[in-house]
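The values are calculated or read from the model by the stated rules, or taken from the named source; none is laboratory data. Given the structure is predicted, the values throughout are model-derived calculations rather than measurements. All Cβ positions, glycine included, derive from the backbone under ideal geometry; neighbour counts span all protein chains shown.
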Amino acid sequence: MTLSLDFTNMMAGALPHGAGITEEQLGASAARFRDVHTAVHARVADLGFLTLANNEVLLQQSLAVAEAVQGRFDDVLLLGIGGSALGPIALRTALCPPQWNALTAEQRGGRPRLHVLDNVDPATISATLARLHLARTLVLVVSKSGGTVETMAQYLIVREALAQAVGDGAAKQHLVFVTDPEVGALRRIARAEGITTVDIPSNVGGRFSVLSPVGILPAALLGIDVRALLAGAAHVTVSAGTSDLAGNLPGTFAVLQWLADRDHGRRVQVLMPYADPLRDLALWFVQLWAESLGKLRPDGQAVGPTPLPAVGATDQHSQVQLFMEGPLDKTVTFIAVRGRISEGRIPARHGDIPELGYLGGHTLGELIDIEQRATAGALAARGRFNATLAIDAIDAWHLGALMQTFALATAYAGDLYGVNAFDQPGVELGKQFAYALLGRAGSESARAEWDALPRPDPRYCL
């Protein structure tokens, strides 16, 4: 069980045309990282994600719910948005067999399907509810604040549908709230109505919450080895205890991306796993990196890289053309899975046809590994920054390690950029305008600001 980072193709010695991070830049950043490391790890009381991997109380909350409902439900419906949804989706895609929801109950080992509503599009919600047998459905309502407008709208609709299907009293037995331990609308409803709850610690932000019951509860319901998931994360946390940049993998990732952005104009940062099960991990990373780092610094400067998801080898036939010959504004981080070389043997057939004959005797695992290495080499040959994050297998331990690596890297990058990686002030104004337009109490000042905005100008409307 290992995690390794090869960043040779980020460095000046490997790239042509004077491209690449210099040894001097990396060395100077090592001193800066020591200060960043100290600052981040000194905030452990505020940054609850650092201790989630060893929080036995939270783990037992999730395991107790999973055990209590085992066998009672065929489907789990998760209501959430942002980090409340992207993390559970990434876990299901990576750690359950492909097309999990299409498998039979026997093929799923009696475990439920998992459906995630992460938007308020009425077509999706109505179609999902029409497809589910609600009498055999458990609903997880995930909102730390208990007031997220999209999730609360979903909840009201689903709660009404449950009441119609099983009765208002019985509907409570189909609900679990994942929310703040003390405050918020969901906590108040749970106390008043006796609805089961599990906790999102008050010091854990949504996009950093996948290793809390936000991700651990749905994972446990699906039969994923959640202890191994947390063990992988704990391993990374311990190994990142050093302030020596050369020994800190999350720190090295953060520093490399920051240097590439600040000193080399590589402001688009691509995460490209060469594995279908990790495609939703890339989407989870996009929210983590974008919402944490795209900020205004105290001096008014706008900073933050733009993360972009890709998947190999699929995107070799779409985005890689841009990566190879488009603007010199990108880094590409590949995720390579090294333990699959012998999988998927390709039959030897049509040996007389050059386009097919050479494939016989190779494997799909070998092919996808070679394609990743070939793409990395091609990018490097053209002066394009790239690195390879390699894992031994796609399993719970390695996924926990990957997620904690990216979470820690994000925390370090926030301090490198000089911003708070744990807030999202740029999202708040839109929320306040939405509340005002919906008539939520206390939104009068936002309504006044909305009313002062320019109206659509007929000259600029087609």
Can you name the condition, by its number, that HIS17 falls short on among (1) closer than 28 Å to THR137 by Cα; (2) in a loop (DSSP other than H, G, I, E, B)?
(1)
For PRO218, are the conditions met, namely being modelled with pLDDT of 95 or more and buried (at least 22 other Cβ atoms within 10 Å of the Cβ)?
yes
Filter result for the condition that a residue is surrounded by fewer than 16 Cβ atoms within 10 Å (Cβ to Cβ) and modelled with pLDDT of 90 or more, over ARG455, ARG447:
ARG455
Among residues of the range 120-133, those that are touching a residue at least 12 places away in the same chain (Cβ under 8 Å), closer than 12 Å to ILE157 by Cβ and over 25 Å from the mean Cα position of the chain (by Cα), counted:
1
May I ask you to list pairs of residues, at least six apart or on different chains, whose Cβ atoms are under 9 Å apart, with the first in the range 8-29 being more than 17 Å from ASN248 (Cβ to Cβ) and the second being β-branched (Val, Ile, Thr) and part of a loop (DSSP other than H, G, I, E, B)?
MET11/THR22; ALA12/THR22; GLY13/THR22
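Does ALA30 qualify as being in the same structural domain as PHE253 (by TED's automatic domain parsing) and assigned to a helix (DSSP H, G or I)?
Judged against the criteria, ALA30 is a match.
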What number of residues in the range 219-233 are outside any helix (DSSP H, G or I) and on the phi < 0 side of the Ramachandran plot?
3
Can you list residue pairs whose Cβ atoms sit under 9 Å apart, with the first residue in the range 296-324 being in the same structural domain as VAL337 (by TED's automatic domain parsing) and more than 19 Å from ILE368 (Cβ to Cβ) and the second being exposed (fewer than 11 other Cβ atoms within 10 Å of the Cβ) and of a type in the set (Gly, Ala, Ser)? Count only pairs 6 or more apart in sequence or on different chains.
LEU296/ALA302
Selection within the range 360-376 - at negative phi and either at pLDDT below 95 or surrounded by fewer than 13 Cβ atoms within 10 Å (Cβ to Cβ) (or both):
GLY360, ALA374
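Here's the yes/no breakdown for (1) of a type in the set (Val, Ile, Thr); (2) touching a helix residue (DSSP H, G or I) at 6+ places or on another chain (Cβ under 9 Å):
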residue	(1), (2)
LEU288	no, yes
ASP299	no, no
PRO309	no, yes
ILE335	yes, yes
ARG345	no, yes
PRO354	no, no
Identity of the residue in the range 44-101, at pLDDT 95 or above, among the charged types (D, E, K, R) and part of a loop (DSSP other than H, G, I, E, B), that ends up surrounded by the fewest Cβ atoms within 10 Å (Cβ to Cβ)
ARG72
